[in-house]
1. Please find, among Leu42, Leu29, Leu70, Leu11, the residue that is more than 12 Å from the ligand (Cβ to nearest atom), touching a His at 6+ places or on another chain (Cβ under 7 Å) and either free of Cβ contacts under 8 Å to residues at least 24 places away in the same chain or not aromatic (Phe, Trp, Tyr) (or both).
2. Report, ordered by the first and then the second residue, all pairs with beta carbons closer than 7 Å, sequence separation of six or more or different chains, a first member in the stretch 258-274 that is on the phi > 0 side of the Ramachandran plot and among the polar types (S, T, N, Q), and a second member that is surrounded by 11 or more Cβ atoms within 10 Å (Cβ to Cβ) and assigned to a loop (DSSP other than H, G, I, E, B).
3. Here are some residues: Ile167, Ile126. Which one is free of Cβ contacts under 8 Å to residues at least 24 places away in the same chain and hydrophobic (A, V, I, L, M, F, W, C)?
4. Helices (runs of 4 or more DSSP H) wholly in the stretch 113-197 with at least 3 residues that are under 19 Å from Ala68 (Cβ atoms) and within 13 Å of the chain's Cα centre (by Cα) - which ones?
5. From Thr175, Thr168, grab the single residue that is crowded, with 20+ Cβ neighbours inside 10 Å and within 14 Å of the ligand (Cβ to nearest atom).
6. Got a number for residues in the stretch 56-79 being surrounded by fewer than 15 Cβ atoms within 10 Å (Cβ to Cβ) and under 22 Å from Arg241 (Cβ atoms)?
7. Consider only pairs whose beta carbons are under 7 Å apart and that are at least six residues apart or on different chains; among these, list those whose first residue lies in the stretch 213-226 and is at positive phi and whose second residue is of a type in the set (Asp, Glu) and surrounded by fewer than 21 Cβ atoms within 10 Å (Cβ to Cβ).
8. Ala217 passes all but one of (1) away from the ligand (no atom under 16 Å from the Cβ); (2) in contact with a Phe, Trp or Tyr (Cβ under 8 Å, 6 or more places away or on another chain); which number fails?
Amino acid sequence: MTTSVRPKRVLAICYSQTGQLARIAEQILAPLRENPGVDVHLEMLRPLPAYPFPWSFFRFFDAFPEAAHLIPPKLEPLALTGEEDFDLVMLFYQVWFLAPSLPVTAFLQHPLAARLLNDKPVVTVIACRNMWLMAHEKMKNLLAGLGARLIDNVVLSDRGNVFATFITTPRWFLTGKQAGFLGCPPAGIAADEILRARRFGLAIQTALVADAEKKNAPLLTGLQAVEANPKLYFSEKAGTRSFYLWGKLLCAAGEPGQWRRKPIIFFYVIFLVLLIVTVVPVSLALQTLIRPLLREQLARMKHDFELPSGSGAERMSNYVV
Ligand SMILES: Cc1cc2nc3c(=O)[nH]c(=O)nc-3n(C[C@H](O)[C@H](O)[C@H](O)COP(=O)(O)O)c2cc1C
């Protein structure tokens with residue numbers, strides 16, 4: 001007599017404005033979908049009202065107070081009931097103003113999230129410009145509050161360096177133009193890196209077949225899942241603090257979209273540009289000067305921020321894609 005083994009059930013949560021994160025999710029989920037032993041439920045989040053793309057100047061900056069304070073927007077009804085029992089949850093998210101993007105924040109505060117994620121192993125996949133450290137700290141707290149177990153974190157970031165992306169990324173969001181500009185590479189994550197993300201799906205599929213998701217240990221070690229740049233931590237700390245404080249003022253001034261917020265946003269953007277052109281280079285220069293003193297601390301921070309999956313490459317040859 002043959003016993004029928006029930007398929008492994010994977011819940012994937014995703015929101016994507018330009019389609020970039022959706023393409024990454026598709027690459028990673030493809031090997032799981034191709035395996036008849038795995039059922040994938042992909043829930044695409046739809047905020048109400050939808051965020052525009054490209055953004056207008058004010059609408060873009062008007063989103064930071066709520067992002068910094070994790071104040072959720074409304075979501076269109078989910079296709080989930082909360083009664084489902086998933087073996088693994090994959091949370092695809094982008095960073096907005098050094099915090100998880102608002103649609104994903106909204107999902108994590110949705111009444112169904114606690115039922116769906118409690119005691120479940122969770123794999124997070126971040127796609128962002130390159131500043132994700134503080135957002136991930138917030139994500140870890142949100143997941144812990146839901147009783148979820150973070151077993152892996154994958155990070156894909158833009159191909160340009162910190163300074164190039166300060167130009168190309170806002171240009172992309174405010175005009176829709178993603179192509180290279182002033183000698184900087186195109187904004188966004190390189191197409192070949194998106195394709196290579198398939199290796200994570202292959203490894204997760206192998207792990208599910210072996211019941212490895214039950215062991216409360218990472219499934220994606222040795223696959224260059226994440227490369228943290230702890231030198232950005234100090235700039236992210238300063239940025240987060242400023243978003244928090246100014247965000248408080250803006251939230252007190254009115255709801256998103258209200259005219260009373262506009263003059264404050266205008267002054268804040270001038271302040272923010274000054275902050276970026278001073279704090280980021282000064283912080284990076286200072287760190288270079290005192291590098292010998294900081295070496296151990298930065299190495300420890302890099303290691304800790306890369307947990308649980310790590311930056312090791314020892315299994316890369318098993319998953320050539
Ligand atoms: C409002 C907004 C704020 C953003 N803030 C950050 C940020 O703080 N750090 C970062 O690395 N990327 C930031 N990004 C880039 C996004 O993380 C992401 O890479 C981009 O929006 C593409 O995602 P998509 O799939 O939703 O199109 C921001 C994007 C938007 C729209």
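1. One residue alone meets the criteria, Leu11.
2. Pairs found: none.
3. Working: Ile126 fails: free of Cβ contacts under 8 Å to residues at least 24 places away in the same chain.
When all the criteria are applied, what remains is Ile167.
4. 133-145
5. Step by step, each of Thr175, Thr168 is checked, and only Thr168 is crowded, with 20+ Cβ neighbours inside 10 Å and within 14 Å of the ligand (Cβ to nearest atom).
6. Looking only at that region, the number is 0.
7. That search, which allows pairs on different chains as well, returns Gly222/Glu314.
8. Going through (1) away from the ligand (no atom under 16 Å from the Cβ); (2) in contact with a Phe, Trp or Tyr (Cβ under 8 Å, 6 or more places away or on another chain) one by one, Ala217 breaks only (2).
Quick note: the coordinates plus some simple rules give every number you see, no bench work behind them. Fair warning: this is a prediction, and the values are worked out from it, not measured in the lab. Every residue, glycine as well, gets a Cβ built from its backbone with ideal geometry; the counts of neighbours run over all protein chains shown.
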